[in-house]
1. State all residues of the stretch 77-130 that are among the hydroxyl-bearing types (Ser, Thr, Tyr) and open to solvent by less than 60 Å² (accessible area, probe 1.4 Å); if no residue qualifies, say none.
2. If I ask for residues that are among the aromatic types (Phe, Trp, Tyr), open to solvent by 40 Å² or more (accessible area, probe 1.4 Å) and in contact (Cβ under 8 Å) with a residue 12 or more places away in the chain, which ones from the stretch 57-75 would you list?
3. Residues in the stretch 109-122: is at least one under 12 Å from the mean Cα position of the chain (by Cα) and in a helix (DSSP H, G or I)?
4. Anything in the stretch 15-56 that is at pLDDT 80 or above and either closer than 30 Å to residue 85 by Cα or exposed (fewer than 10 other Cβ atoms within 10 Å of the Cβ) (or both)? List them, or say none.
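The values are calculated or read from the model by the stated rules, or taken from the named source; none is laboratory data. Everything numeric in this text was worked out from a predicted model, so none of it was measured. Virtual Cβ from ideal backbone geometry, glycine too; neighbours counted across all protein chains shown. What goes into the accessible areas is simple: the full protein's heavy atoms, side chains included, and nothing from ligands, DNA or RNA. Shrake-Rupley method; radii C 1.70, N 1.55, O 1.52, S 1.80 Å.
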Amino acid sequence: SRGGRIEKVRKNGRAAYLERDRHGNAKRILWVDNQGRVFADSENGGSDSSNTIKLGLGDFIFYSVMVGKAAQYSFTTFAACFLVILTGLGGTLVLLAVYHHALPALPISIFLGVFFYLCTRLVVEPWIQAVLVHPYYV
């Protein structure tokens, strides 16, 4: 047979189902609670792929649209948005480490990106142009 198989076992005094892959290696243990919900335990001690950080393609599309729009205006807005989006993503990863459950990757980065895009475009760029026209000497 090409597929895996499921065996009925007892774990912690309750009925559970051991899922094996097609080579006979244990993949995970499934059990059903009293309300009919199915839960799974990884059999390989937590090195399962569910313990990794995953970003969807949509996250990268929003990041690239934001940075691309900033790059159309000037290098300063591009640099500010790029750095702030990376900082927001780092902040999301810190929160992920603190709360230990899935978090959306977009809100912090996009909020900071839009905020700094507007600040750079409306405040920093005019100030840079004013400095170039009338240099300040210290």
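1. Of all residues in the stretch 77-130, those among the hydroxyl-bearing types (Ser, Thr, Tyr) come to 77, 87, 92, 99, 109, 117, 120.
77, 92, 109, 117, 120 - these are the residues of the stretch 77-130 that are among the hydroxyl-bearing types (Ser, Thr, Tyr) and open to solvent by less than 60 Å² (accessible area, probe 1.4 Å).
2. Those that are among the aromatic types (Phe, Trp, Tyr), open to solvent by 40 Å² or more (accessible area, probe 1.4 Å) and in contact (Cβ under 8 Å) with a residue 12 or more places away in the chain: 62, 73.
3. Yes, the stretch 109-122 has at least one match.
4. 23, 24, 33, 34, 35, 36, 37, 38 - these are the residues of the stretch 15-56 that are at pLDDT 80 or above and either closer than 30 Å to residue 85 by Cα or exposed (fewer than 10 other Cβ atoms within 10 Å of the Cβ) (or both).
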